[in-house]
């Protein structure tokens, strides 16, 4: 049995990225860049007007400037401006090389084919220099960058249509248990509605860490073994829900062994979620067997599986945000296990919620954090800080 810290270290040491794929820039939002991007053009690609107004060849001897033409945005028209002449120009339009400044239309008076400038005009005013934002060949985005919507906009502004990103993991979620039936079916004696697979798939979607497919299997060694064998033909991660304890009908451990899965650790000194299993095939495929009780299953996912999937997707071993907040009331435990408790953070204090049993999800719906009470702690007094995983 390992500690929480040891379990996280072993997972981090084992996980590698799933691979690289090329996708369109427009569909790359929230993906992790795998290779550097260099600017293929200057941006802006030409001297560009930053305002609607007049581009002119400034000369201190002139108070009025003759308007000799017009350049709308997108036009390839240009002019050789002489001192005392100008052209009407619009935001984004190409500024003639002979122009030395752009005056905003609000800062001048136009009449009889001429303009008169009000106030002082500085050389280069309101002209965006070619390559001012980025020059051709310069680094635009570094590997490891999470592609936000504004990153996508930047890529498209550079004319880039494809980028190399880390591939998102493919995930098989396998729910085991002969007592389980799908929601919507009649609830017969001895049966319960299966929720873990839907909850785990929803968490994967919520945290945007992979693509999940759901499977269900009865408590039968051959059935569980075959389901695992099928999943290993395509999945990067396999999440087994239930069947990992030591009961007569818990077949996950034997099924994984028969499929050549190498155990990294089994059991963590924590409550809930002690019977947590992590293993690998050695072929960049990873298996987590999660406890069957729903609260224990989702707690184990959030603390261990989420950072593993993020690392596989190129995002580093990053899980939920952590911080320390004082307890609102004292907490006492009587065992030597670390406790992962559903909690609510409010007004700078952390409140431990009731309903901490590993089967209870209702209290999770009220939680916005998981509080970690260390193994060695016995009684933590009110106002003593505890570590939190923020939900």
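The values are calculated or read from the model by the stated rules, or taken from the named source; none is laboratory data. As the structure is a prediction and not an experimental result, all values here were calculated from the model. Backbone-built Cβ (ideal geometry, glycine too); neighbour counts: all protein chains shown.
The table for this structure:
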item: So residue 248, is it outside any loop (DSSP other than H, G, I, E, B), exposed (fewer than 13 other Cβ atoms within 10 Å of the Cβ), at negative phi and at pLDDT below 95; result: no
item: Condition met for residue 8 (assigned by TED's automatic domain parsing to the domain that holds residue 141 and farther than 22 Å from residue 124 by Cβ); result: no
item: Selected residue (only one of 159, 131, 190, 137 is in a loop (DSSP other than H, G, I, E, B) and under 30 Å from residue 242 (Cβ atoms)); result: 190
item: Residue satisfying condition, being surrounded by 12 or more Cβ atoms within 10 Å (Cβ to Cβ) and touching a residue at least 40 places away in the same chain (Cβ under 8 Å), within set 390, 353, 341; result: 390
item: Among (1) in contact with a strand residue (DSSP E or B) (Cβ under 6 Å, 6 or more places away or on another chain); (2) within 26 Å of residue 304 (Cβ to Cβ); (3) surrounded by fewer than 20 Cβ atoms within 10 Å (Cβ to Cβ), the one test that residue 195 misses; result: (1)
item: Selection status of residue 53, crowded, with 16+ Cβ neighbours inside 10 Å, touching a helix residue (DSSP H, G or I) at 6+ places or on another chain (Cβ under 9 Å) and touching a residue at least 12 places away in the same chain (Cβ under 8 Å); result: yes
item: Which numbered condition residue 11 misses (of (1) assigned to a loop (DSSP other than H, G, I, E, B); (2) touching a helix residue (DSSP H, G or I) at 6+ places or on another chain (Cβ under 8 Å)); result: (1)
item: Residue in the stretch 364-381 that is nearest to the chain's Cα centre (by Cα), counting only those that are under 24 Å from residue 321 (Cβ atoms) and either assigned to a loop (DSSP other than H, G, I, E, B) or free of Cβ contacts under 8 Å to residues at least 24 places away in the same chain (or both); result: 368
item: Unmet requirement for residue 265, which otherwise passes all of (1) within 22 Å of the chain's Cα centre (by Cα); (2) over 18 Å from residue 212 (Cα atoms); (3) assigned by TED's automatic domain parsing to the domain that holds residue 196; result: (1)
item: Breaking point among (1) closer than 30 Å to residue 314 by Cα; (2) surrounded by fewer than 18 Cβ atoms within 10 Å (Cβ to Cβ), for residue 256; result: (2)
item: Pair list, Cβ < 8 Å and 6+ apart or interchain, from the stretch 105-123 residues that are under 14 Å from residue 53 (Cβ atoms) to residues that are assigned to a helix (DSSP H, G or I); result: 117/107; 118/107; 119/107; 121/107
item: Residue match in the stretch 229-240 (condition: out of contact with any strand residue (DSSP E or B) (no Cβ under 8 Å at 6 or more places or on another chain), closer than 30 Å to residue 37 by Cα and either surrounded by 23 or more Cβ atoms within 10 Å (Cβ to Cβ) or modelled with pLDDT of 95 or more (or both)); result: no
item: Residue, farthest from residue 274 (Cα to Cα), within the stretch 337-355, restricted to residues that are within 29 Å of the chain's Cα centre (by Cα) and assigned to a loop (DSSP other than H, G, I, E, B); result: 347
item: Unmet requirement for residue 233, which otherwise passes all of (1) within 28 Å of residue 145 (Cβ to Cβ); (2) assigned to a loop (DSSP other than H, G, I, E, B); result: (1)
item: Subset tally (residues that are more than 17 Å from residue 297 (Cβ to Cβ), free of Cβ contacts under 8 Å to residues at least 60 places away in the same chain and in a loop (DSSP other than H, G, I, E, B)) for the stretch 205-230; result: 2
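Here's the yes/no breakdown for (1) under 34 Å from the mean Cα position of the chain (by Cα); (2) surrounded by fewer than 20 Cβ atoms within 10 Å (Cβ to Cβ); (3) assigned by TED's automatic domain parsing to the domain that holds residue 73:
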{"residue": "106", "(1), (2), (3)": "no, yes, yes"}
{"residue": "148", "(1), (2), (3)": "yes, yes, no"}
{"residue": "172", "(1), (2), (3)": "yes, no, no"}
{"residue": "185", "(1), (2), (3)": "no, yes, no"}
